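What follows draws every value from the coordinates through simple rules; no lab data is involved. These numbers come from a predicted model, not from an experiment. Here the Cβ positions follow ideal geometry from the backbone for every residue, glycine too, while neighbour counts run over all protein chains shown.
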Amino acid sequence: MIPKEILEKVRFLEIQTRHLVNDIFGGEYHSVFKGQGMEFAEVREYLPGDVQADSLYTSADIVYLVNYTFKGGPSPQPCAAAGDANCDWTITASDVIYLVNHIFKGGPPPCDS
């Protein structure tokens, strides 16, 4: 937790700009990142725990996640966040256990709140 005296100091911070901006493109800048962008249609949805991106929860997802977590295997697809079955923002053995519980014991589906 942040100490109270620091919070009091932060409350009185003032941010000053070099000049005011009054138009829609006022924040326009040149990015240091080069390359092609991506179309929104290229962005794929994912199911937490479905690390093979086949829209199914199977034992293959468990094996894939064990390989990634403990052996440095390939990253979950389509993104690493797909491996976060319990939605705690980290990929650990607890995600493997969560998937095993769901698939073999009828536990709650990944990220079920």
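Figure the gain on full extension for C111 and K4 (residue separation times 0.36 nm, minus the Cα-Cα span) and round it to one decimal in nm. The partial results should precede the final answer.
Details: separation 107, 0.36 × 107 = 38.52 nm, distance 3.47 nm.
Taking C111 through K4 to full extension adds about 35.1 nm, to one decimal.
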TODO: Give the shape of region 46-105 as rounded, prolate or oblate, defined through the alpha-carbon gyration tensor: a ≥ b ≥ c are the square roots of its eigenvalues, a/c under 1.5 means rounded, and otherwise the shape is prolate if a/b is larger than b/c and oblate if not.
DONE: rounded
Open item on the list: Could you tell me the calculated FRET efficiency between K71 and E45, based on Cβ-Cβ distance and R0 = 22 angstrom, to the nearest 0.05?
Closed with: 0.20
TODO: Tell me which residues come under 5 Å, amide H to amide H, from G49 once H is placed; ignore anything under 5 positions away on its chain.
DONE: G83, D84, A85
